[in-house]
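The values are calculated or read from the model by the stated rules, or taken from the named source; none is laboratory data. The structure displayed is predicted, hence computed values, not measured ones. Every residue, glycine among them, receives a Cβ derived from its backbone with ideal geometry; neighbour counts consider all protein chains shown.
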Amino acid sequence: MHFHPEHAAGEPGFPPGTILIRNAVQQQEMEKHGQEMIDMFSQRSPQNKDLLAGVILRPPDVLFDQEATIDLGGVTARLLCRIRQKRLCGTSIGRGRSRLKVSL
């Protein structure tokens, strides 16, 4: 399993109107296991419990299957969903030769 609902739980900290983008595979896992993972991380420390209290995982504004291209204000980023060795999709964001492995 490779998705991070505890990271997605930080989404309310972004300004209103922030566009949330997620690939379909991770969205399915978020719907299936998101709350249980948040509950698990909430039990790891009092600080986590406070930070995750009342968090609701909202659905993405943009959902993509294998690939999406987004304009970041003059820079174009390509989001790729890569499934390897029966593991869930990890999203690669690339510009030129540099690549950053993230889970959205």
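Ile38 - would you say it is in a loop (DSSP other than H, G, I, E, B) and touching an Asp or Glu at 6+ places or on another chain (Cβ under 9 Å)? Considered against the rule, which asks whether it is in a loop (DSSP other than H, G, I, E, B) and touching an Asp or Glu at 6+ places or on another chain (Cβ under 9 Å), Ile38 comes out as no.
Among the residues making up the range 11-30, those that are of a type outside the set (S, T, N, Q) and either more than 22 Å from Ala53 (Cβ to Cβ) or in contact with a helix residue (DSSP H, G or I) (Cβ under 8 Å, 6 or more places away or on another chain) (or both) are Gly17, Ile19, Leu20, Ile21, Arg22, Ala24, Val25, Glu29, Met30. The residues of the range 42-82 that are within 14 Å of the chain's Cα centre (by Cα) and part of a loop (DSSP other than H, G, I, E, B), listed by number, are Ile56, Leu57, Arg58, Pro59, Pro60, Asp61, Asp65.
Of the residues Arg44, Arg87, only one is at pLDDT 85 or above and out of contact with any Ser or Thr (no Cβ under 9 Å at 6 or more places or on another chain); which?
Details: Arg87 fails: at pLDDT 85 or above.
Result of the check over Arg44, Arg87: Arg44.
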